[in-house]
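J.: The structure under discussion is supplied below as structure tokens; questions concerning it will follow.
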Amino acid sequence: MTEPRTGLVCSNIKRATKIKKLLKHEQATDFLFDCRDKTNVFDHLKEYEIDVLVIDCKDALAMGNKLRDLSNCHSRIVLVYNDQDKEAPIPKCFLMFSVIAMSDSDQELGLAIEVATKGAHFFSSRLSNSFKAARRFLSAPYEKEISLIQIEVINAYLEGGSLVEMANKVSVSEITFKKQLQRIRSKLKLQSNNEIIDFLRKAHWCNFESGKVMWF
């Protein structure tokens, strides 16, 4: 049986070393490239024909919309999530890929790659609660630098209500809620709160079913 051809995208040296070691262990895969700069991944894919692309979750997050472009040209992707980093967001859109926990990579990376080569998806059971807890991170595109609290403020604003009611939904004071709206307008280059909803619709940030802001 031919070993699956793999490539790696990971800018973190420590994590990249561990993942690469697993990919090369006893020729578990035919390891073809190690890409430390995510901006070069498309060049590597032109040069090498691979079966599965392994990406560190933080690099996937930093790609923003380019991750969607990447998945269009190469759909067999395994994401490795650093489950020790409790603050790292896990967007719901990552469910379209195979996702494993770094803590379980010794046991699960090979299995996830095998599943991905067959066109299926593998999802680490360790991360199920992380995805549930990370619903608050269904956020705007990464490059806008919208923070966690600002996502919650936007979603509370979309739900409507009085200032007191909206502030209570995110457990902040009315003054803080107004300040966060002001910061959001500044980041989105908007003049008034009334422009927020139109901006979200035009930018397609909103999930049509839930009405909430989503990652991309």
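The values are calculated or read from the model by the stated rules, or taken from the named source; none is laboratory data. Here the structure is a predicted model, which is why all the values come from computation and not from measurement. Neighbour counts are summed over all protein chains in view; Cβ atoms, including those assigned to glycine, are modelled from backbone coordinates with ideal geometry.
Listed here are the residues, each with its yes/no results for (1) in a helix (DSSP H, G or I); (2) at pLDDT 90 or above; (3) surrounded by fewer than 22 Cβ atoms within 10 Å (Cβ to Cβ).
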| residue | (1), (2), (3) |
| --- | --- |
| G7 | no, yes, no |
| A16 | yes, yes, yes |
| D43 | yes, yes, yes |
| L67 | yes, no, no |
| L70 | yes, no, yes |
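J.: Given segment 142-191, what helices (runs of 4 or more DSSP H) lie entirely inside it while holding 3 or more residues that are of a type in the set (A, V, I, L, M, F, W, C) and under 26 Å from A62 (Cα atoms)?
T.: So the answer is 148-159, 174-188.
J.: Moving on to the next point. Here are D37, D51: which of them is of a type outside the set (K, R), in contact (Cβ under 8 Å) with a residue 24 or more places away in the chain and surrounded by 14 or more Cβ atoms within 10 Å (Cβ to Cβ)?
T.: Result of the check over D37, D51: D51.
J.: Among the residues of segment 22-40, are any in the same structural domain as L109 (by TED's automatic domain parsing) and on the phi > 0 side of the Ramachandran plot?
T.: yes
J.: Would it be correct to say that L8 is under 18 Å from F122 (Cβ atoms) and over 19 Å from the mean Cα position of the chain (by Cα)?
T.: Considered against the rule, which asks whether it is under 18 Å from F122 (Cβ atoms) and over 19 Å from the mean Cα position of the chain (by Cα), L8 comes out as no.
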